[in-house]
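Asks: Dumping the structure here so I can ask a few things about it.
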Amino acid sequence: MGVEVPQQNYGVPSQSTFQHPSQGLQEGWVLHTAVRPISQNNSETPIPGPKVQGNNPLVYRGKLQHMAAELGSYKQAHPSPTPLTMGHSREEEGPTFLMELGSRIQYRNRFLSPVPRSCCCCRIHSDAKLKDPFSLAQEDLKHLYEDIKKQLLVSRVELKALCDYYFDGKGKAFRPMIVVLMARACNIHSNRDGDLLPAQRSIAMISEMIHTASLVHDDVIDGADMRRGKNTINEVWGERKAILAGDFILSAASMALARIGNTTVVSVLSQVIEDLVRGEFMQLGSKENENERFKHYLEKTFKKTASLIANSCKAVSILVNSDPEVHEIAYQYGRNVGIAFQLVDDMLDFTSCANQLGKPSAADLRLGLATGPVLFACQQFPELHSMIMRRFGSDGDVDRAWRYVLESDGVEQTNFLAQRYCHEATRQISRLQPSPERDALIRLTELVLNRDK
C-alpha cells in the first residue's frame, strides 16, 4: 500500500525561488521548491501543516518524501520496461506517470525533478558535444599569473615573495575561467566577434587577485596552516605580514580596476569587496532561530563566494552590451554557480580526505561553522542545535557532529540543493545566443557538481 499523502492541492512552484539574497530572503532560498495550493479562483493561500515558521528551506520536505514513497509503491505495482527515475531526461513520460499517480500535483518537470548530475543540457547546446571549459579558456589564461605578478612589482624582495606565493600557476583559476568564457559568450550574443577586449581580460585577472587576497585574510582569521597543499602565508611569514600582503594584493587589484576607466564596472566590482567583508562578519556569528540560520548561511555563502563570480560576470557583459537583461543573465549565472560551488565545497569537507582537499577535513566544524550538511542534519538530530550555538566548542562536539552528519542525509540534501542552483545557472545562460563558450559554461555546472577537491 502507498503512503497516505496529505489532501492538499499542490500547485505550481513559487517563482520566488533563487532570488538575490538582498532582495528576497524572506521568500526565496528554498531547498525543495516551494509550492502554493491552487484554489478555485487561482488565488494564493498559505499551506497549513508543518510547524515551521516562515518559508523554511525544508518546509516541504515531508510532503515530497510522501510523494516519493508513493511513487516507489506505484512503480513497484506498475513495472515499466524502461525504468523512470527522478532524474529521467525524457520529459514526455514524467507528466503521464505523475497523472496516473492521482493528479495530485500540477507537473512542471524543471522544478519537480531533481536535476541529474548530467544537468540534462543535451537539448540546448549548440554543438553535438559540450565544450570543456578549461580547455576552451586555456589560451586566454596562459599568461594570467605572469600578468598578475607584473601588477605586484615591488622593490622589497620579501613583500614580493609573499604576494607571489599563491600565484604559482598551481591554482585552478576557476573564477578567471568563468569570466573569460562569459565575456566571449556575451560578445557573440552582442553580434561581435568572440575576441576578448583588453578590459575584459583585466577583469578576469582582477577577479583572481581579489579572490587570492581574500584567501590570505581568511587564513589569518581562521588560523589556518594549510592552503592548496602547502603552508599558508601566515604560517610561513606570520600574521602581520600576511595581512599586509593581502592588503597589497587588493590595492593592486583596485589600481588595475581604475585603469579600465569604466565607472559602472568600478562600482560593480567594488561591491565585491564590500560583500567579502560583510560575509566574513556574518561567518563570525550565527542565528538561534532555525529558519533564520539557514537564510544566514546562504546569504553568507553568496557574499563570501558567489558575489565575486556574479559581479565579475556582470562587469564583462557591461563592457559589450547595454541591455540590462544580458547583464542580469551574466550576474545570475555567476551567482548560482558560485553558490553551488560553495555548497559542494561544504559537502566535500565531510566526504573527501585531507589530501584531496589540500586542507584538513572537518575544518569547518573545528572553526565552529555550521554549513549546509550540518544544518540539514539538524532535522534528524536536534542535538546539533545546541552544538551550533556553542560553535562546537565543548569536548567531543566536533566528533559527534561529524558522526551525525554522516548518519543523516545532510550531505545528500546539500548535494540536491547544489543541483538546484546549477540547474538555474544552466537555465539562465541558455538564454544567450549559442556559442562554444556558452556551451562550456553549461558544461561547467556539471563539473562543479562532480568535483572531488
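The values are calculated or read from the model by the stated rules, or taken from the named source; none is laboratory data. In this text, all values refer to a predicted model and were calculated from it rather than measured experimentally. Every residue, glycine as well, gets a Cβ built from its backbone with ideal geometry; the counts of neighbours run over all protein chains shown.
Rundown of residues vs (1) closer than 29 Å to Gln200 by Cα; (2) among the small types (Gly, Ala, Ser), yes/no style:
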| site | (1), (2) |
| --- | --- |
| Leu269 | yes, no |
| Val272 | yes, no |
| Ser286 | no, yes |
| Asn289 | no, no |
| Lys295 | no, no |
| Ser322 | yes, yes |
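Asks: Can you name every one of the helices (runs of 4 or more DSSP H) wholly within the range 369-408 that holds 3 or more residues which are of a type in the set (D, E, K, R)?
Replies: Numbers: elements: 372-377, 384-389, 397-407.
Result: 397-407.
Asks: Are any of the residues in the range 439-446 of a type outside the set (D, E, K, R) and surrounded by fewer than 19 Cβ atoms within 10 Å (Cβ to Cβ)? Talk me through it step by step, then tell me what you get.
Replies: Residues of the range 439-446 of a type outside the set (D, E, K, R): 440-442, 444-445.
Pick out the ones that are also surrounded by fewer than 19 Cβ atoms within 10 Å (Cβ to Cβ) and you get none.
There is no residue in the range 439-446 that is of a type outside the set (D, E, K, R) and surrounded by fewer than 19 Cβ atoms within 10 Å (Cβ to Cβ).
Asks: Next up: Quick check on Arg420: is it within 14 Å of Val344 (Cα to Cα) and of a type in the set (D, E, K, R)? Walk me through it before giving the result.
Replies: Numbers: within 14 Å of Val344 (Cα to Cα): yes; of a type in the set (D, E, K, R): yes.
Judged against the criteria, Arg420 is a match.
Asks: Shifting gears a bit: So which residues in the range 262-276 are free of Cβ contacts under 8 Å to residues at least 60 places away in the same chain, under 20 Å from Leu197 (Cα atoms) and of a type outside the set (Gly, Ala, Ser)?
Replies: Quick first cut of the range 262-276, residues free of Cβ contacts under 8 Å to residues at least 60 places away in the same chain only: 263-264, 266-268, 270-271, 274-275.
Applying the additional criterion that residues be under 20 Å from Leu197 (Cα atoms) yields 263-264, 266-268.
Once the filter is applied, which keeps residues that are free of Cβ contacts under 8 Å to residues at least 60 places away in the same chain, under 20 Å from Leu197 (Cα atoms) and of a type outside the set (Gly, Ala, Ser), the range 262-276 yields Thr263, Thr264, Val266, Val268.
Asks: Does Glu383 meet the test of being out of contact with any Asp or Glu (no Cβ under 8 Å at 6 or more places or on another chain), surrounded by fewer than 19 Cβ atoms within 10 Å (Cβ to Cβ) and either modelled with pLDDT under 95 or of a type outside the set (A, V, I, L, M) (or both)?
Replies: Numbers: out of contact with any Asp or Glu (no Cβ under 8 Å at 6 or more places or on another chain): yes; surrounded by fewer than 19 Cβ atoms within 10 Å (Cβ to Cβ): yes; either modelled with pLDDT under 95 or of a type outside the set (A, V, I, L, M) (or both): yes.
Considered against the rule, which asks whether it is out of contact with any Asp or Glu (no Cβ under 8 Å at 6 or more places or on another chain), surrounded by fewer than 19 Cβ atoms within 10 Å (Cβ to Cβ) and either modelled with pLDDT under 95 or of a type outside the set (A, V, I, L, M) (or both), Glu383 comes out as yes.
Asks: Can you work out which of the residues in the range 321-344 that are hydrophobic (A, V, I, L, M, F, W, C) and under 18 Å from Ser267 (Cα atoms) is nearest to the chain's Cα centre (by Cα)? Can you show your working first?
Replies: We begin by selecting, within the range 321-344, every residue hydrophobic (A, V, I, L, M, F, W, C); these are 326, 329-330, 337, 339-341, 343-344.
Next, from what is left, pick out any that are under 18 Å from Ser267 (Cα atoms): 326, 330.
Numbers: Val326: 20, Ala330: 14 Å.
For the range 321-344, the residue satisfying everything is Ala330.
Asks: Only one of Gly279, Gly334, Gly246, Gly338 is assigned by TED's automatic domain parsing to the domain that holds Tyr166, in contact (Cβ under 8 Å) with a residue 60 or more places away in the chain, part of a helix (DSSP H, G or I) and of a type in the set (Gly, Ala, Ser). Can you tell me which?
Replies: Working: Gly279 fails: in contact (Cβ under 8 Å) with a residue 60 or more places away in the chain; Gly246 fails: in contact (Cβ under 8 Å) with a residue 60 or more places away in the chain; Gly338 fails: in contact (Cβ under 8 Å) with a residue 60 or more places away in the chain.
The conditions single out Gly334.
Asks: Yes or no: the range 214-226 includes at least one residue that is of a type outside the set (Ser, Thr, Tyr), in the same structural domain as Arg278 (by TED's automatic domain parsing) and closer than 21 Å to Ile329 by Cα. Show your work before the answer.
Replies: In the first step, residues of the range 214-226 are kept if they are of a type outside the set (Ser, Thr, Tyr); the result is 215-226.
Going one step further and asking which of them are in the same structural domain as Arg278 (by TED's automatic domain parsing), we end up with 215-226.
Checking which are closer than 21 Å to Ile329 by Cα leaves us with none.
Taking every residue of the range 214-226 in turn, none turns out to be of a type outside the set (Ser, Thr, Tyr), in the same structural domain as Arg278 (by TED's automatic domain parsing) and closer than 21 Å to Ile329 by Cα.
Asks: So, in the range 268-290, exactly how many residues are of a type in the set (S, T, N, Q) and crowded, with 19+ Cβ neighbours inside 10 Å? Spell out the reasoning first.
Replies: Initially, the range 268-290 is screened for residues of a type in the set (S, T, N, Q), giving 270-271, 283, 286, 289.
Now drop any that are not crowded, with 19+ Cβ neighbours inside 10 Å, which leaves 283.
Count: 1.
Asks: Consider Ile210 against the criteria (1) crowded, with 20+ Cβ neighbours inside 10 Å; (2) in a loop (DSSP other than H, G, I, E, B); (3) of a type in the set (Val, Ile, Thr): it satisfies all of them except one. Which criterion is unmet?
Replies: Among (1) crowded, with 20+ Cβ neighbours inside 10 Å; (2) in a loop (DSSP other than H, G, I, E, B); (3) of a type in the set (Val, Ile, Thr), the lone unmet condition for Ile210 is (2).
Asks: Let me ask something additional. Can you give me the number of residues within the range 140-168 that are more than 22 Å from Gly229 (Cα to Cα) and at pLDDT below 90?
Replies: Total meeting the criteria: 5.
Asks: Of the residues that make up the range 230-240, is at least one crowded, with 19+ Cβ neighbours inside 10 Å and not in a helix (DSSP H, G or I)?
Replies: Yes, because at least one residue in the range 230-240 is crowded, with 19+ Cβ neighbours inside 10 Å and not in a helix (DSSP H, G or I).
Asks: Mind telling me which of the residues Lys150, Lys172 ends up being in a loop (DSSP other than H, G, I, E, B) and either of a type outside the set (A, V, I, L, M, F, W, C) or at negative phi (or both)? Before the answer, list the steps.
Replies: On the way: Lys150 fails: in a loop (DSSP other than H, G, I, E, B).
Answer to the selection: Lys172.
Asks: Given the conditions (1) in a helix (DSSP H, G or I); (2) in contact (Cβ under 8 Å) with a residue 24 or more places away in the chain; (3) aliphatic (A, V, I, L, M), report the number of the one that Ala224 does not fulfil.
Replies: Among (1) in a helix (DSSP H, G or I); (2) in contact (Cβ under 8 Å) with a residue 24 or more places away in the chain; (3) aliphatic (A, V, I, L, M), the lone unmet condition for Ala224 is (1).
Asks: Within the range 398-420, take every residue that is under 30 Å from Leu444 (Cα atoms) and of a type in the set (Asp, Glu) and give me the one that is surrounded by the most Cβ atoms within 10 Å (Cβ to Cβ).
Replies: Asp409
Asks: Looking only at the range 297-341, count how many residues are surrounded by fewer than 21 Cβ atoms within 10 Å (Cβ to Cβ) and closer than 19 Å to Glu446 by Cα.
Replies: 0
Asks: Tell me, please, whether a residue that is surrounded by 15 or more Cβ atoms within 10 Å (Cβ to Cβ), among the aromatic types (Phe, Trp, Tyr) and under 27 Å from the mean Cα position of the chain (by Cα) can be found in the range 247-267.
Replies: no
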